[in-house]
């Protein structure tokens, strides 16, 4: 196994992690921003008000993007496992 192949696998792993986490992170950020704007406009400074909508939004995003994330992870894992066969050569 060459150093280039190890770097390639590591890079693909980081890309896969970022792609898998991105939908939930982006939706949580947008919901947090909307709630922050609402809190600033109404001058409500309740810190716990942001948690429940964010959790619900992340769960909904996981339900929507779950099949795509699973396909992404299966594709990466399959590629790594099939690449194991070429290590001994």
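Here the condition is being without any contact (Cβ under 8 Å) to a residue 40 or more places away in the chain, more than 24 Å from residue 13 (Cβ to Cβ) and surrounded by 13 or more Cβ atoms within 10 Å (Cβ to Cβ); of 43, 39, 47, it holds for 39 alone. Counting only residues that are without any contact (Cβ under 8 Å) to a residue 24 or more places away in the chain and under 30 Å from residue 79 (Cβ atoms), segment 50-59 holds 1 of them.
For segment 9-36, the tally of residues that are within 20 Å of the chain's Cα centre (by Cα) and either free of Cβ contacts under 8 Å to residues at least 40 places away in the same chain or surrounded by fewer than 12 Cβ atoms within 10 Å (Cβ to Cβ) (or both) stands at 17. Scanning segment 31-46 for residues that are over 25 Å from residue 61 (Cα atoms) and not in a helix (DSSP H, G or I) yields 43, 44, 45. Scanning segment 69-83 for residues that are surrounded by 10 or more Cβ atoms within 10 Å (Cβ to Cβ) and either farther than 16 Å from residue 22 by Cα or in contact (Cβ under 8 Å) with a residue 12 or more places away in the chain (or both) yields 69, 72, 73, 74, 75, 76, 77, 78, 79, 80, 83.
Got a sec? Which of 66, 79 is out of contact with any strand residue (DSSP E or B) (no Cβ under 6 Å at 6 or more places or on another chain), farther than 30 Å from residue 1 by Cβ, in a helix (DSSP H, G or I) and at pLDDT 90 or above? Working first, answer last.
Working: 79 fails: farther than 30 Å from residue 1 by Cβ.
Of 66, 79, the one residue that is out of contact with any strand residue (DSSP E or B) (no Cβ under 6 Å at 6 or more places or on another chain), farther than 30 Å from residue 1 by Cβ, in a helix (DSSP H, G or I) and at pLDDT 90 or above is 66.
The values are calculated or read from the model by the stated rules, or taken from the named source; none is laboratory data. Just so it is clear, the model here is predicted, and its values are computed rather than measured. Cβ atoms come from the backbone with ideal geometry, glycine included; neighbour counts cover every protein chain shown.
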